[in-house]
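The values are calculated or read from the model by the stated rules, or taken from the named source; none is laboratory data. Computed from a predicted model, the values in this text were never measured in an experiment. Note: ideal-geometry Cβ built from the backbone for every residue, glycine included; neighbour counts use all protein chains shown.
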Ligand code: NG6
Ligand code: CA
């Protein structure tokens, strides 16, 4: 019997060995057959859902976005997590609601980095998964520590929170310094013309919008009447850096070039490109190719320009045979705005155009128009083209892409991010159940198709905002997508329940 059981053991271990080998072979096969997809995340600046023709725009046409949507999934209920740039971008990269701490509101151009160096971000997750990660375009999450010296290495910045390469504008198009950072240095800066920046007082003797209004290409409000760069006054003051100043009209070509360079340099590795476009944020200064091409004035023209950039990037993927295994996401950091400080005819020429589509509100506010934005996901190898009504949000990218690339997230990181891989791939129309939508002065809260809006109280401490329940509004988007009928009085029970739910998340 001893011999019998020994040989039985031998048989069993033989079987186990065969099974293990098979398993190893099959998983090796799966990996070899399915290399990780490249990811290109394109984020527009202040583009409304109604500004895009595949979402219904009639006054202009966006053929490249339409082509992207035709090959992918177009979401009708896709959101930024805030109605302004800094908090929206913060949440998208970190997976944490920006309002959980003070200091993540719209930043000046000389503000410090608000993401902790070394912390978990969408970029660091993908970097761990073996991706080459790069950012091209608008950053607006702060740089450095303490007073920034623009004439030396500027860090920490994107390179300290997961990106391998950066070509960025530090804040916004309307804020100084109007220069690019390539690597951690100002691009094309000459040592004998150092840059100085101030957001409190005029530095140097460059003309400003206030001192030289006759030099301006377009009028500006007080806030945008600082240093004049390329004929347009900006927020804040700068001196020096003449050779480093960006050219507004050449920017689209440069952004395309830097994006394509990044794809080229990533050969042999999957890549993650975060392409943060500056259109159609103010000041709207289209390149000659697009000026005057829409009836909407410069705002419409720069939307064409944005669409062209997207087309160039899609072509670059096609030409390199990369399109089929590249996920391209197109979205916007917040809803649209017409007048944002410059006399650029955006209001006068708008006509019947509805930049936020059928939704109420715009940039800054917690109505749907503030955060419900274009949201398109294309992955030819995996996603069946179509339209999805799932509630999805950019804040979910960290956990979703961690899931896709087999990464785990350390405890405490990306606390508000949810794995939305199934809805993003179109495997289900069931997305998030709830979502907080941050406006400047209100908090919006979605529970399915129900929507609550509550004014924020003035901030007392560094933590999450408190809300003032007395002026709450309640809408049923299933019957009233335009948030016209306030049901707060009619349905006090639901109102109470949603308020309690929101409070729990705010305090969580
Ligand atoms: C506001 C600016 C606006 C724009 C915005 C930031 C004024 C009066 N308005 O404070 O022009 O720059 O900040 O836009 O200064 S965002 O898309 O980056 O959030
Ligand atoms: Ca924005």
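Points worth noting:
- Scanning segment 467-493 for residues that are in a helix (DSSP H, G or I) and more than 21 Å from residue 359 (Cβ to Cβ) yields 469, 470, 492, 493.
- Hey, residue 151 part of a loop (DSSP other than H, G, I, E, B), free of Cβ contacts under 8 Å to residues at least 40 places away in the same chain and either on the phi > 0 side of the Ramachandran plot or more than 16 Å from the chain's Cα centre (by Cα) (or both) or not: no
- For the residues 333, 307, the requirement of being within 16 Å of ligand 2 (Cβ to nearest atom) and in contact with a helix residue (DSSP H, G or I) (Cβ under 9 Å, 6 or more places away or on another chain) singles out 333.
- Considering 223, 257, the condition of being within 26 Å of residue 343 (Cα to Cα), under 27 Å from the mean Cα position of the chain (by Cα) and modelled with pLDDT of 95 or more is satisfied by 223 alone.
- Residues of segment 257-295 that turn out to be assigned to a loop (DSSP other than H, G, I, E, B) and surrounded by fewer than 16 Cβ atoms within 10 Å (Cβ to Cβ), as a count: 8
- Failed criterion for residue 69 (all others in (1) over 29 Å from residue 410 (Cα atoms); (2) within 16 Å of ligand 2 (Cβ to nearest atom) hold): (2)
- Note on segment 202-245: residues that are assigned to a loop (DSSP other than H, G, I, E, B) and more than 16 Å from ligand 1 (Cβ to nearest atom) amount to 13.
- Which listed residue is away from ligand 2 (no atom under 16 Å from the Cβ) and touching a strand residue (DSSP E or B) at 6+ places or on another chain (Cβ under 8 Å), from 134, 95, 130, 118: 134
- The condition of being at pLDDT 95 or above, outside any loop (DSSP other than H, G, I, E, B), buried (at least 24 other Cβ atoms within 10 Å of the Cβ) and within 16 Å of ligand 1 (Cβ to nearest atom) holds for residue 370.
- Top-ranked residue in segment 98-111 [being in a helix (DSSP H, G or I) and away from ligand 2 (no atom under 14 Å from the Cβ); ranked as farthest from the chain's Cα centre (by Cα)]: 100
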